[in-house]
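Please treat every number below as a calculation from the coordinates, not as lab data. Since this is a predicted model, take the numbers as computed values, not measurements. Note that we place each Cβ from the backbone using ideal geometry, even for glycine, and neighbour counts take in every protein chain shown.
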Amino acid sequence: MGIDKGKPQLTAIGEPHRRKAEQPPAPVGSTRTEPEAQRLLHELEVHQIELEMQNADLRDAREELELSRNRYAELYDFAPVGYFTIDERGLIREVNLAGAQLLGIERRLLVKRPFTDLLINAASREIFSRHRDAVSHNQGMQKCEIDLKRKDGTTLPVQLQSIMVGNVGDKVDYIHTTVIDVSDRRRAEDALQKAYGQLERMVEKRTQALVGANEQLLLEIEEHKATEASLRKANVEIKQLSDRLLAENIHIQREISRGSDFGDIIGKSDAISYVFFRVEQVAPQNATVLLLGETGTGKGLIARAIHSRSARKNRPMITVNCTALPENLIESELFGREKGAFTGANAQQMGRFELANGGTIFLDEIGEMAMPLQCKLLRVIQDGEFERLGSPHTIKVDVRIIAASNRKLEEEIRAGRFRGDLFYRLSVFPITIPPLRQRREDIPILVQYFVAKYNKKIGKEIDTVSKETMNALQEYQWPGNVRELENVIERAIITSHGPELQVLDRFDTFQDQGGRHEAQALADLERNHILKVLGETGWRIEGKKGAAIILGLNSSTLRARMRKYGLRRP
């Protein structure tokens with residue numbers, strides 16, 4: 001097709017020269033000689049041949065270009081994926097047959113149409129906008145996945161692969177985008193996810209069945225692991241550790257059997273909240289704590305709360321009631337003894353300080369400790385060391401000390417019954433626990449707690465406390481504090497009939513002014529009653545037949561009342 005067009009052009013170029021060559025020779029006398037004319041004619045013929053050869057080359061190149069363009073058009077139109085060319089305004093400049101067929105739209109209707117019209121939702125438009133910006137900034141080949149809208153309104157999930165290409169002729173940059181249908185892949189992914197979910201459910205169901213069948217085996221494995229761990233820890237100190245664990249177990253069993261005075265610490269008043277605040281301050285530290293307060297206010301519970309919030313909570317807290325131990329045995333109980341240390345010492349015994357090594361020791365009623373023992377206690381606090389009775393070997397321990405007293409230790413120091421240096425060592429962080437009469441707003445909470453506790457213990461279903469009863473409980477001075485309140489509620493639960501709490505105890509309220517004679521009469525009545533019960537029990541304080549049980553008091557509370565009224569065994 002290029003050859004026919006080229007021939008007329010070549011003929012037009014050679015015709016003047018051919019005519020010129022056919023002209024007759026110049027007449028004699030002309031300036032152009034015959035040899036020169038022949039030379040010019042020859043040059044023209046050579047030039048014509050060259051032009052014809054160049055024209056033939058151009059025809060061949062044009063034919064090749066036509067063939068190449070046809071092949072490119074076939075490849076472009078019949079490619080297995082869609083091709084779109086998008087200009088700088090986002091308009092579609094070209095699209096191949098595959099692209100039009102993917103969308104079910106004719107090619108002519110796609111050309112000059114904004115590509116964003118094909119996007120089915122805002123999410124796809126947002127993704128395509130970021131994709132186009134990345135391509136426009138010449139960041140190389142970019143990929144993304146979006147959803148296109150077919151002519152019938154259905155969704156076509158596709159993957160775009162785009163690159164920026166410049167057109168030198170019109171100096172316009174185009175985005176060439178390949179559109180690949182990923183519907184099959186999406187369906188495969190959905191099917192795979194569904195199968196994975198079914199598999200997970202099957203595995204979960206099977207696992208539950210296996211868990212039920214293997215519970216016994218797991219227990220045996222855990223027991224076996226525990227046994228192996230115990231064997232690995234065995235060393236040259238196994239005998240000493242065994243003795244210590246045995247002693248700790250005995251003490252813990254005693255503590256469990258004795259039980260706490262009134263369960264958890266109950267209260268929301270400002271007074272008890274300040275105590276909680278002080279506990280939170282000192283618990284993480286290793287400082288020695290001195291708990292002050294009347295009998296029955298819960299000093300033991302505060303001590304346990306400090307220990308349970310400290311870094312030593314996984315080690316034991318050993319409690320020593322300085323009033324419950326006989327004076328001649330308290331030293332051996334605290335520091336231990338060797339076999340034969342005194343008459344009746346038939347075996348070696350670890351002291352409470354050794355049992356508490358790494359943990360906490362709670363010295364309750366520290367004001368009752370004898371003066372000679374106070375000196376040894378001071379040494380343990382200062383140096384962390386002591387000797388067992390009958391042994392010359394010094395034992396070092398790491399023990400946190402929490403002491404408690406219902407006495408005013410400053411007065412005991414002035415009276416010469418307590419060492420001042422020991423007091424200052426103990427009162428690094430003093431906490432004063434308020435009596436119940438200073439936290440009357442906590443009484444309703446405590447009453448409800450004790451009613452629930454003894455309902456469960458005794459088997460009653462008391463759920464009502466009258467306003468008159470609650471007022472009487474709040475107006476009473478509670479010299480025995482929370483412990484006395486607990487005893488009153490327990491008696492009331494036992495004697496009550498029906499769903500309402502019936503308190504039969506008489507509460508004679510008194511004030512600091514205007515009621516001193518009544519208070520004195522009540523104190524005399526209490527003193528005489530205690531003296532009478534002590535006489536009936538042969539001055540036996542503890543035990544099932546002791547005066548404390550009959551009076552409904554704790555043994556330490558009874559001893560405190562005896563000291564208060566100056567009652568001594570004849």
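Structure values in brief
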| item | result |
| --- | --- |
| Cα gyration tensor category, rounded, prolate or oblate, for region 186-234 with a/c compared to 1.5 | oblate |
| Out-of-range pairs (alpha-carbon distance over 29 Å; input K268/K460; K143/K194; K268/K564; K299/K545; K313/K544) | K268/K564; K313/K544 |
| Residue-count net charge about F277 - beta-carbon cut-off 14 Å; Lys, Arg +1, Asp, Glu -1 | +1 |
| Per-peptide average of other Cβ atoms within 10 Å, ordering 307-317, 119-129 highest first | 307-317, 119-129 |
| Anisotropy class of region 82-181 from Cα gyration tensor, a/c 1.5 cut | oblate |
| Among 277-290, 399-412, the order from most to least packed when residues are scored by Cβ within 10 Å on average | 399-412, 277-290 |
